[in-house]
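Can you read through this structure? Questions will come right after.
What follows draws every value from the coordinates through simple rules; no lab data is involved. Predicted, not measured: the structure shown is a model, and the values here were computed from it. Neighbour counts are summed over all protein chains in view; Cβ atoms, including those assigned to glycine, are modelled from backbone coordinates with ideal geometry.
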Amino acid sequence: MTHAALAPGIGREFDPFLFASIGEGRHGHPLTVISALAQSGVDPWLEAIGLTRLSRELATARLSRLIAALPGLPVSNRPADSIAQELVALLPRTDRFTPSSQATPTPPPTTVIMMSPNARFGLATVVLAFLIAIAWLFSTHTLPGAGQDSQSVSADDKDPASLKPGLSNHRP
């Protein structure tokens, strides 16, 4: 169930409605609108906002049906319609909760991509494997023709003097 602090645009203006008494419950304890809506499986704060957006007649009819459908009707000599009418009068009536007829189009919400931890780990693994593969490709392959220009040294040419140009193997 959503708490009032988590519902968008809801404040204490709904408290007189939500905490109003409907009557006594089946065990003799006071039954409030908030507890009756919760027992019906309806979110009390969102239902209050929804009722505020309806006309008084529609809101009274909806609330009357919810009260009549309660398990163990509240102990009261009054019909559900009159209880609902009194409760709807407690709802705030402001333009903030009613949709305007000349509503300006709202921009579409920005898309936020949420990734699970497993998806993030998988993505990181793929990127890491890609980087390792590129590093391996560049480190193990030599350019074509590289190494063909170098002279091979034979066992006979181990004398450093013979490797210098202009020096011969003959000694004077």
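Going by amide H atoms built from the backbone, whose H comes under 5 Å of the H on Gly23, apart from near neighbours?
Under 5 Å from the amide H of Gly23 lie the amide H atoms of Leu31, each far enough along the sequence or on another chain.
Please turn the phi angles of segment 44-61 into ³J(HN,Hα) values with the Karplus equation 6.51 cos²θ - 1.76 cosθ + 1.60 (θ = phi - 60°), one per residue in order, whole Hz, x for glycine and proline.
x, 6, 5, 5, 4, 5, x, 5, 5, 6, 7, 5, 4, 5, 5, 5, 5, 5
Which residues among segment 35-66 fall inside the zone where the amide N is under 17 Å from a point 7 Å beyond the Cα of Ala89, along Cα→Cβ?
56-61, 63-64
Which ordering of Val126, Val88, Val42, Val33 is given by a fewest-first count of other beta-carbon atoms within 10 Å? Walk me through the numbers on the way to the answer.
Numbers: Val126 10, Val88 23, Val42 15, Val33 26.
Going from least to most buried by this count: Val126, Val42, Val88, Val33.
Something else about it: Hey, fewest Cβ within 10 Å first, where do Trp45, Trp136 land in order? Can you show the working numbers first?
Numbers: Trp45 21, Trp136 10.
Starting with the residue having the fewest Cβ neighbours, the order is Trp136, Trp45.
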